[in-house]
1. Each label point is 7 Å from the Cα along the Cα-to-Cβ direction; what then is the distance between the points at A:SER73 and B:HIS266, in nm?
2. Using modelled backbone amide H atoms (1.01 Å from N, in-plane), which distant-in-sequence or interchain residues come within less than 5 Å of B:ILE270's amide H?
3. Would you please give the residues with an amide H less than 5 Å from that of B:VAL218, counting only those at least 5 places away or on a separate chain, with H modeled from the backbone geometry?
4. Rounded to the nearest 500, what is the 222 nm mean residue ellipticity of chain B from helices alone, with -39500 (n - 2.57) per DSSP H run of 4+ residues and division by all residues?
5. Which shape class, rounded, prolate or oblate, goes with the stretch C:268-335 when its Cα gyration tensor gives a ≥ b ≥ c as root eigenvalues, a/c under 1.5 marks rounded, and past that a/b bigger than b/c marks prolate?
6. In whole percent, how big is the carbon plus sulfur part of the accessible area of the stretch A:2-225, probe 1.4 Å, protein atoms only?
7. If amide H atoms are built 1.01 Å from N in the plane of the peptide, which residues on other chains or at least 5 residues away come under 5 Å of the amide H of C:ASN432?
8. Taking both sides together, what accessible area is buried at the A/C interface, probe 1.4 Å, expressed in Å² and rounded to the nearest 100?
Amino acid sequence: MLNVVQAIILAAGKSRRFKTDRTKLIEPICGQPMILYQTKLLDHLGILTTLVVGYQKELVQESVIKEHENSISFIQQFEQKGTGDALKCTRHLWIRDHILIMNGDVPLVTETIIDELYTHHIDSGAPITFVISHDTYQVSEYGRVLKSGLTVRIIEAKNDDRKIQDEMCCINAGIYLFRKDFLIDFIDKIMPNELTGEYYITDLINIASDNNLLVQTVNVPFDRVRGVNTQEELWTAEQIKRAEIIKAWMLEGVRFMAPHNVYIDHSVIIGKGAVIGVGVHLLGKTEIGEYTTVGSFSIIINSIIGNKAIIKSHSVIEDSVFHQESLVGPFAYCHRDTILGSKSVIGAFVESKNSKLGDMTKAKHLSYLGDACIGSMVNIGGGTIIANHDGQDKHKTIINNNAYIGVNSSLVAPLTIEQDAFVAAGSTITENVPTGALAIARSRQINKPEYAYRLKNKKILKNGINSSLLFESPFKASSVSSV
Amino acid sequence: MLNVVQAIILAAGKSRRFKTDRTKLIEPICGQPMILYQTKLLDHLGILTTLVVGYQKELVQESVIKEHENSISFIQQFEQKGTGDALKCTRHLWIRDHILIMNGDVPLVTETIIDELYTHHIDSGAPITFVISHDTYQVSEYGRVLKSGLTVRIIEAKNDDRKIQDEMCCINAGIYLFRKDFLIDFIDKIMPNELTGEYYITDLINIASDNNLLVQTVNVPFDRVRGVNTQEELWTAEQIKRAEIIKAWMLEGVRFMAPHNVYIDHSVIIGKGAVIGVGVHLLGKTEIGEYTTVGSFSIIINSIIGNKAIIKSHSVIEDSVFHQESLVGPFAYCHRDTILGSKSVIGAFVESKNSKLGDMTKAKHLSYLGDACIGSMVNIGGGTIIANHDGQDKHKTIINNNAYIGVNSSLVAPLTIEQDAFVAAGSTITENVPTGALAIARSRQINKPEYAYRLKNKKILKNGINSSLLFESPFKASSVSSV
Amino acid sequence: MLNVVQAIILAAGKSRRFKTDRTKLIEPICGQPMILYQTKLLDHLGILTTLVVGYQKELVQESVIKEHENSISFIQQFEQKGTGDALKCTRHLWIRDHILIMNGDVPLVTETIIDELYTHHIDSGAPITFVISHDTYQVSEYGRVLKSGLTVRIIEAKNDDRKIQDEMCCINAGIYLFRKDFLIDFIDKIMPNELTGEYYITDLINIASDNNLLVQTVNVPFDRVRGVNTQEELWTAEQIKRAEIIKAWMLEGVRFMAPHNVYIDHSVIIGKGAVIGVGVHLLGKTEIGEYTTVGSFSIIINSIIGNKAIIKSHSVIEDSVFHQESLVGPFAYCHRDTILGSKSVIGAFVESKNSKLGDMTKAKHLSYLGDACIGSMVNIGGGTIIANHDGQDKHKTIINNNAYIGVNSSLVAPLTIEQDAFVAAGSTITENVPTGALAIARSRQINKPEYAYRLKNKKILKNGINSSLLFESPFKASSVSSV
């Protein structure tokens, strides 16, 4: 196929029915821009590919170049004058014997379909071979295929005529393989459509039939050639793609608590024996280790989680690496290059950003760790805040092995807390703490006897409330008036 | 229709099969009490409407009056003696030529059905026209419609006889249009049911047939006339209603990551290009701006979110207003009149209640903002708590533009922090802070060398553990016995 | 049935297609290990039961013994030589007249099926009666049943031959009732399979037919006899089981906002009028009171929630008891023996562990309550952390009735705060606080005028930025150079 076929992807359309004023071609499906499903398929088959771009071409090109660098070429269709016109724009690029044409919005097409199309095309020697499908869903937008003896015609069914749909239930999937010589001979015979004034590729099929040239078809399941024109069709395509991904991981020994309610990108890897909870999102380049548990409603993006880790429910993890047996959540938020050592713990309502924790280090409750480099066996007390930002700049905090940070501490960066140091609860630490030292920065406690009663009564009096509501101290020591 | 039809809604029933000891008629469907779907439809058609109420009539009336004020009248059925008896109760109110009767538990009925029923009724001149449906789901509770020549009879299928259901697959949907003169002549002919002693409207159909009077039917899709008698039927009705709402927003250019798992009330508005995550709830009078993103598992109730805002996952927002490009969550909780200026940030584990933040103000981590009025460009450090409650009263806190609140601060209301002021980390602020001042309320840090080792050893000794476990200071400066 | 039937459950298999290197038999389905669905059914029917174990027999036995103690016996199949061989291993245990044999992986089998099988077996007097089903799903793994006159044969369809499946659409469900005398006579006639060398029970059916012995079948719905061999089949079985559980609770008057997206174990109890939100998990031995609301995305495990309680969204509750009208969440995390008194409140971003709160006590924001015993009417200010761990040991904190803890307090255990005491905001409390006393442990606030401007300018100068960026104090009191 390599040396005799080249591909043209029609990617210039306006995505009108998408209604977002943005090209649909870069909408992600399971984490990958729609257009890349086709460009990667053709790339994988080694087929020289050209995209005809137009509407928001910068966005489309950017997505394609990010994946393919320079291996795919672009040509611009300046005016939206139909698929036939788009094809004409590429005429000077036809260097192979056969030209494969497809729309940019059929992301579910498989290698098998292209193979079958090619084999049938070559075997039959037909100038045109194209993909058709039995449309059991009665989607009215597709051109209907009418076969009569050896001739094949396509009738645009835009008039929403159920009768036509029922009688002609095969649709044109918009994937064609043309012999180049046929195209050269006939492309200029396409006439503008009476209603729209546009030029349609489908005319070439009618032209071929008119000229008694053989037109061949390959019939494939509709789900494989669904076009994505609306938000609803985008969802349908993504559901199909996602179901494939999830079934494949089930076969590898992953238990999903709710396979119908889990969101996994095409680029994710999951180890056997992993248990994935309800509603979990595994997105981007995420890897989940073997026998690791991801609790319900957790979202993991571009992160690597080691084996036998436990991510409890309602945790959000982005761009992070957790080593084996780490224990995270519920309600943990780790992002921007958080690195957890093995058996380390990030607990409830703890946020970690750009921080590294060594092995067996724990931050179990209500803490913020920002720009910190923390050793092993460190204990971060609940309510600890690492103040990495002074209003203008961000600074680093270093906490060495085996240090103990008391609850509700504030650590003001830049700061180094050395090994085995101990920070007393409620301290605001602004200076480095030496190895094994105790740092304390808080006031001594004073208990003022009965003062709580006085405070309450003071307020009651201030509010002008009846004095019968006043609290009486059980000690009867002080009168209210003395407050 | 306006001047010749009046409507009676039967809303007196006991909701027995609902099993909650509460009337089902006020159960919300997509955020609206079930009964209102019908009252609002009739109101929209300009049809004079009376509700026959009985069981928990206060609850039903309260819901209806809240929506319609005095435009709908009520009449009480004192005893539950069947639909025929309920109809009789309204006899003195019949002032139009035709009486439309429907149950209060068919929330999916559309304008089209009423139109069609009316047109057919008027055109045919029949004394009775009623709605039937082909029950493909074989729901056994419906009366079966038996047509034979011109006569129409209804057979109660309560005996759960599958055979009857198979043969007579059309059911009586319980929506009737009667000529008033027919009703006046025949309503007293309804006899009590042999088994239950109750009077049924369905008898009027059999009576008409017995008297060789024309009975007409209008056949509509079953999904439109589903009755809601059980929790499961309530769910089904809500699923149908919700699917309509979601499909409509998809056509407007909203991307739902999981349209099958999103919960949107009928009163919500969503801008084009918005992206709505998995499991999101958009409830009450909520508006979502254009190109705004709502992350998975977020719940937004009665709130207005501006354009291009980003609500990250797991956020809960109630009765709040966010201006454009605000950035919220994950794990944010904004409620009771929180107002966010444009480009302001509420981050992870931050709760805001009855607080206003100006433009570009940030509270990024683990804070509670209660009853605060905060200016623009303010930075609230992580762990900040605004103490709005002193044990008896609530007070306001004012923080002016460009102020900087250090981490783990406690701000004790009533309090004003002026523009450009700086509160040092870990401070408890009880007095106002002037413009540009630094407020500090914490102790100086003391480092006690090697004290951490001594503390540990003291505990080890106290626990009576073998002294070989004692920590040795790397400085070897102090002996344990001296602690 | 009791005295004439005994059961053999085949539970020795390798779970190869499960791909987790662990026996599938203990995978939970709606919270119960798969194997227990059958052992509990047989136990309930009073049938003497033996499990043939092999692969990971310790795990299987442990699960069974935990439920049944010593009422079920085990026998080990040392080599995996097929179901026929497994049956042979049990020969010395045959003490009843009829032997019921089933695989351990058909958790959806009901009492009705066993009853029907038994009745048919006894009535017909056949030596073999077994369960068949019409496989509408065309699952290729099942042996196909071929009836011809009185003979019955089973054809293994492992060759994935669609034609065989279409023609012989009845499958062998693997549930047999044998007369003991038949088994004794014929068990040694089973020959090893030509391909696998293993011995199959299915051979006995062919052998019976060869000997002109009557073979009887009982036809049941496929969903009841589905085997669980893959992750996907496990999910299917769980979906069926869960739908049963949820439908049953709906009939009891529980409103589920999304019955299709809620996860309830078989052991859960829910009161009428309860409202269960989207995605909620109710797991283990959980009880939900009447008219209690559980908000979306909340997870409740092994906990008892009283009547009229409100659990808001995104809350995680494990091993806890909440009394009536308690108000919890959103974003609450209560675990390990948290006990809440009636009308008590645990608010947003609050974690409670092994703590008891009295009636009407509140901890509304960003707190950690660990190992605390808290009385009634206590108010715990936002940001309070109870430091129960001193680096080595855990200690208790006692807070008596009506005490008031100011915001951002740190309470260092062991500690007692007596009744009516008041802890000032931002205090670190290390010593007991007497009744009615005010405890304060913080520094007095100092405001340094214009210092905030100086700090900013200092940083700007340090960063070497153009001095035109320097802040000018509105008081123009101090020059920058003097900083």
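1. 5.8 nm
2. Under 5 Å from the amide H of B:ILE270: B:ILE288.
3. HN-HN under 5 Å from B:VAL218: B:PHE130, B:VAL131, B:ILE132.
4. On the way: 10 runs with 104 residues, N = 483.
It lands at -6500 deg cm²/dmol.
5. Working: a/c = 1.21, a/b = 1.12, b/c = 1.08.
In terms of gyration-tensor shape, rounded.
6. Details: 4970 of 10000 Å².
Ligands and nucleic acids excluded, carbon and sulfur give 50 percent.
7. Under 5 Å from the amide H of C:ASN432: C:THR416.
8. In total, chains A and C hide about 4800 Å² from solvent.
The values are calculated or read from the model by the stated rules, or taken from the named source; none is laboratory data. Because the structure is predicted, anything quoted here is derived from the model rather than measured. Don't worry about glycine lacking a Cβ; one is built from the backbone with ideal geometry, like all the others, and counts go over all protein chains shown. Accessible surface areas use protein heavy atoms only, side chains included; no ligands, DNA or RNA. Shrake-Rupley method; radii C 1.70, N 1.55, O 1.52, S 1.80 Å.
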